[in-house]
Amino acid sequence: MNFVHRRLCRSGKWRSVLENFVVPSALADVQLGDDVLELGPGDGLTTDLLRPHIARITALELHPRTAKSLAARFAGTNVTALHGDASAIPLPDRRFTGAVSLHMLHHIPSAQLQDKVFREVCRVLKPGGVFVCIDSVNFRTLLMRLIHIADKITPVDPNDLHDRLYAAGFTEIRVDTNPYAFHVRARRPLD
């Protein structure tokens, strides 16, 4: 991420958006269970907001320095921060009761890698486990283009998500959109 984007993602204004809209939406009408995988926590603002609601969180972060910083910051809490790639999750099958991706998916550099992430999430969820994904839809606005200057972004078309998640192994897929974001809930089928 570029400097402006990193600053925004650490800002009080973004925390307010997460606290008032994103995290409540992610937790609404869904039971993630007590052992949840968070993909791409970045500096951990979403992790901070999820922690009071979930017994155990494993925060998987791609960037080694950020993962190390998160591990130190969350030491002794209900969060374990790990360095790893969401398209090749370094954890065993059927481990988690739930998984979340909050405004991270567009940072994955291709639709093919995003589909690998979906397959990996399905793999590490227990049967019946729930995946919640929220991401932006308005990448054509001037503000979004400015925030992402020189960033590699791959916007996700919410109209394609049902089929992509189904192909990855999910069922009970629900995709909702508003002018700012899409919200997905999908379940790994019971065996």
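The values are calculated or read from the model by the stated rules, or taken from the named source; none is laboratory data. Quick caveat, the model's predicted, so the values are computed rather than measured. Positions of Cβ are backbone-derived with ideal geometry, glycine not excepted, and every protein chain shown enters the neighbour counts.
General remarks:
- Residues of the range 106-154 that turn out to be small (Gly, Ala, Ser), outside any helix (DSSP H, G or I) and either modelled with pLDDT under 75 or at negative phi (or both), as a count: 4
- Selected residue (only one of 85, 93, 43 is surrounded by fewer than 21 Cβ atoms within 10 Å (Cβ to Cβ), at pLDDT below 95 and either within 12 Å of the chain's Cα centre (by Cα) or not β-branched (Val, Ile, Thr) (or both)): 43
- Verdict on residue 89 being touching an Asp or Glu at 6+ places or on another chain (Cβ under 8 Å), under 22 Å from residue 176 (Cβ atoms) and among the hydrophobic types (A, V, I, L, M, F, W, C): no
- Some residue of the range 3-24 being touching a Lys or Arg at 6+ places or on another chain (Cβ under 9 Å), in contact (Cβ under 8 Å) with a residue 12 or more places away in the chain and among the aliphatic types (A, V, I, L, M): no
- Among the residues of the range 59-80, those identified as touching a Lys or Arg at 6+ places or on another chain (Cβ under 8 Å) and not in a loop (DSSP other than H, G, I, E, B) are 79, 80.
- Of residues in the range 62-89 being small (Gly, Ala, Ser) and in contact with a Leu (Cβ under 6 Å, 6 or more places away or on another chain), the one farthest from residue 106 (Cα to Cα): 81
- Residue in the range 58-66 that is within 23 Å of residue 190 (Cα to Cα), modelled with pLDDT of 95 or more and buried (at least 18 other Cβ atoms within 10 Å of the Cβ) present: yes
- Residue list for the range 51-60, restricted to those being farther than 17 Å from residue 95 by Cβ and touching a Leu at 6+ places or on another chain (Cβ under 9 Å): 53
- Close Cβ contacts (under 9 Å, 6 or more residues apart or on different chains) running from residues in the range 152-170 that are more than 19 Å from residue 180 (Cα to Cα) to residues that are of a type in the set (Asp, Glu) and buried (at least 18 other Cβ atoms within 10 Å of the Cβ) comprise 168/120.
- Only one of the listed residues (71, 55) is loosely packed, with under 14 Cβ neighbours inside 10 Å and over 30 Å from residue 138 (Cβ atoms). That residue is 55.
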